[in-house]
Amino acid sequence: MKGIIIMIATGLSLTINVFAETSNLEFLAGVEAGIDTATAMSDTDLEHTQHVLSAQPIGVAKSWYNEGTSTLYNIKIVKYFQQDKLACVNYDLMVQHNESLDIKPLTACLNHQGNWIASLS
């Protein structure tokens, strides 16, 4: 019986730790293209997004095509700004896959590791 109580207490502790960690998850900008869908960004696409958000001038679009997923991505920077002492950017993400076209106005901010992180709120 004592062993079962210890196992239950350990399980509850692990569950609490998992929930605490997931509430602080950060997702790289570009993840909004659609997790678990045909338009989901690959690691290479996410790297392209990081570079574009760091280097692209306001109003200039940058596109690339992922042959593996037959998806065209296009990012256009709308504006750079500061929020809570972090560099942030508003941008439009256009995703074209087959005959489907989706344009999303998005926001990302630089985290302390230098990665553009999606603002999912």
- Note down the relative contact order for region 27-118 as a percent, whole number, built from C-alpha pairs under 8 angstrom at least six residues apart. 25
- Simple spin-label estimate for Thr37 and Ile103 in nanometres, 7 Å along Cα-Cβ: 1.7
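Sort region 27-118 into rounded, prolate or oblate with this rule: let a ≥ b ≥ c be the square roots of the eigenvalues of the Cα gyration tensor; rounded if a/c is under 1.5, and if a/c is not under 1.5, prolate when a/b is larger than b/c, oblate otherwise. Before the final figure, lay out the partial values.
Working: a/c = 2.03, a/b = 1.63, b/c = 1.24.
Prolate is the answer for region 27-118, as a/c is 1.5 or above and a/b outweighs b/c.
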- Taking H as built 1.01 Å from N, whose amide H comes closer than 5 Å to the amide H of Thr39, not counting residues under 5 places away? none
- Order by protection proxy (mean Cβ within 10 Å, highest first), peptides 38-48, 97-107: 38-48, 97-107
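Every number in this text was worked out from the coordinates using simple rules, so none of it is lab data. Everything numeric in this text was worked out from a predicted model, so none of it was measured. A quick note on method: Cβ atoms are made from the backbone with ideal geometry, for glycine too, and the neighbour counts reach across all protein chains shown.
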